Amino acid sequence: MNDDYSSFATQSIRVSRPRTYEGEHNEPIFTTSSFVFKSAADAAARFAGEQPGNIYARFTNPTVQAFEQRLAVLEGGESCIATASGMAAILAMGLGLLKAGDRILASRSLFGSTTLLFDKYFAKFGVMTDYVPLADLNAWAAAIRPETRLLFIETPSNPLTEMMAIAPLADLAHAHGCLLAVDNCFCTPALQKPLALGADLVIHSATKYLDGHGRCLGGAVVGNKKYVGEELYGVIRTAGPSMSPFNAWVFLSGLETLELRMMAHSAAALQLAQWLEQQPAVLAVHYPGLPSHPQHHLIGDNQQQRTGGGIVTFEVAGGKDAAWRVIDATHMLSITANLGDTKTTITHPATTTHGRLTPEARAAAGISDGLIRVAVGLENVADIQADLARGLGV
Ligand SMILES: *Cc1c(COP(=O)(O)O)cnc(C)c1O
């Protein structure tokens, strides 16, 4: 594994290229479900773990391994396991590291399916979850119980882009013998490296910015060899939420432009957020790159998060009807819940991504009916503004 390049851009292009013996320049896709052995003795040695090598694609596949090694280097982690989706990554984390009686302590502001996975499915197996406000360190400290084993956050959160300082939360977790997992989907390692700040596990939905073009589902967990390379790898190998080699190949090429894209998404999002702040019909704009954001001090070159990222959320006066009017007045923006795409997407969280929550839970998470989330793509910003201006009555 040629992981000794120091720059992110070079690592994202050059680390770990799977090769056949044909001299191909682009990474090959190994579309094979199993691998052959030279002899019966060879097969036995490989199954016994005495000889390295591939056995079956649910366990390992060279294209998938190349993606895992490249992402591990970019996140600064020892090990990475790739999964069929972001949710499969969170499922594998729970299956691998938690047991009945353990508790999760999580931010109240989480991706909707993550909350549902914890409350409905992990709970069936005796793993319960407590929730606290993301940015309140005292609340985290007060809510840790003797059974708490894992702290779980997204920063920035979806959809309100609330942020939390990772380093003090990691210290708190470790002081209580807990692990800290950070869902790094909104930032990617191009903007934020949670492991360097003390987190134990990084979760990815590769579906979003790692692909970057809205083509494939995938996920990953990055961390140390013991937890990720051994425990979680065992879950993937046995339970089978493995990544397809075709998807891994798409993500490998996605990683090659990750830094360029994240900087471009961020620059466009900042411009859009500044423009939205000036619109009379807009009550509030949530974007980490704006000085008005409560955790803006965490943004900057030597800070936790390099730039503000690509997600801008804003609230219009007039509740759901007004929000739907803005969304329906667009011609170019894609009305879809996905994010991390070259195409700008627009979503009404209260009736889509967070529609399964009760109205009380939605209110507690601060998701009002007038809230609109825009995942800023790579089109010309003036065109994105013009598309939103119509519904805002500009
Ligand atoms: C999309 C998303 C997930 C889930 O990923 P999938 O690939 O859709 O399973 C998890 N966390 C966050 C923050 C997300 O945006």
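Taken together, the values in this text are just the output of simple stated rules run on the coordinates, not laboratory data. It should be emphasised that the depicted structure is a prediction, and the values quoted were computed from it without experimental measurement. When we count neighbours, we look across all protein chains shown, and the Cβ atoms used for this are built from the backbone with ideal geometry, even at glycine.
Report the charge-dipole magnitude of region 259-392 in Debye, nearest 20, computed about the Cα centre from +1 at each Lys and Arg Cβ and -1 at each Asp and Glu Cβ.
180
Count the lysine pairs in region 8-256 whose Cα atoms sit under 25 Å apart, keeping only pairs 8 or more residues apart in sequence or on different chains. Show your work: numbers first, answer last.
Values: K99/K120; K99/K124; K99/K225; K99/K226; K120/K208; K193/K208; K193/K225; K193/K226.
Within region 8-256, the lysine pair count is 8.
Rounding to the nearest 20 debye, state how big the charge dipole of the chain is about its Cα centre with +1 on each Lys and Arg Cβ and -1 on each Asp and Glu Cβ. Intermediate results must be reported in sequence, preceding the final value.
Details: 29 positive and 36 negative charges, 142 e Å.
Dipole about the Cα centre, nearest 20: 680 debye.
Highest mean first, how do 296-309, 27-40 rank when packing is the count of other Cβ atoms within 10 Å averaged over residues? Kindly include the intermediate steps, with their values, before the conclusion.
On the way: 296-309: 17.6, 27-40: 13.6.
Highest mean packing first, the order is 296-309, 27-40.
Taking only the Cα atoms of region 255-373, how large is their convex hull per residue, in Å³?
On the way: hull volume 14.5 nm³, N = 119.
For region 255-373, the hull spanned by Cα atoms encloses 122 Å³ per residue.
With everything on Cα atoms, drop me the angle between helix 245-256 and the longest principal axis of the chain, reported from 0 to 90° to the nearest 10.
Between the helix axis and the principal axis of the chain, the angle is about 60 degrees.
In degrees between 0 and 90, to the nearest 10, how far off the longest principal axis of the chain does helix 258-277 point, with axes built from Cα atoms?
Once rounded, one gets 10 degrees.
Relative to the longest principal axis of the C-alpha atoms of the chain, give the angle of the C-alpha long axis of helix 86-97, reported between 0 and 90° and rounded to the nearest 10°.
60
Any number yet on Rg/Rh for the chain, C-alpha, Kirkwood? Don't skip to the end; give the middle numbers.
Numbers: Rg = 21.4 Å, Rh = 21.7 Å.
My calculation puts Rg/Rh at 0.98.
What's the magnitude of the charge dipole for region 341-394 around its Cα centre, counting Lys and Arg as +1 and Asp and Glu as -1 at the beta-carbon? Answer in Debye, nearest 20. Walk me through the numbers on the way to the answer.
Working: 5 positive and 6 negative charges, 31 e Å.
It comes to approximately 140 debye.
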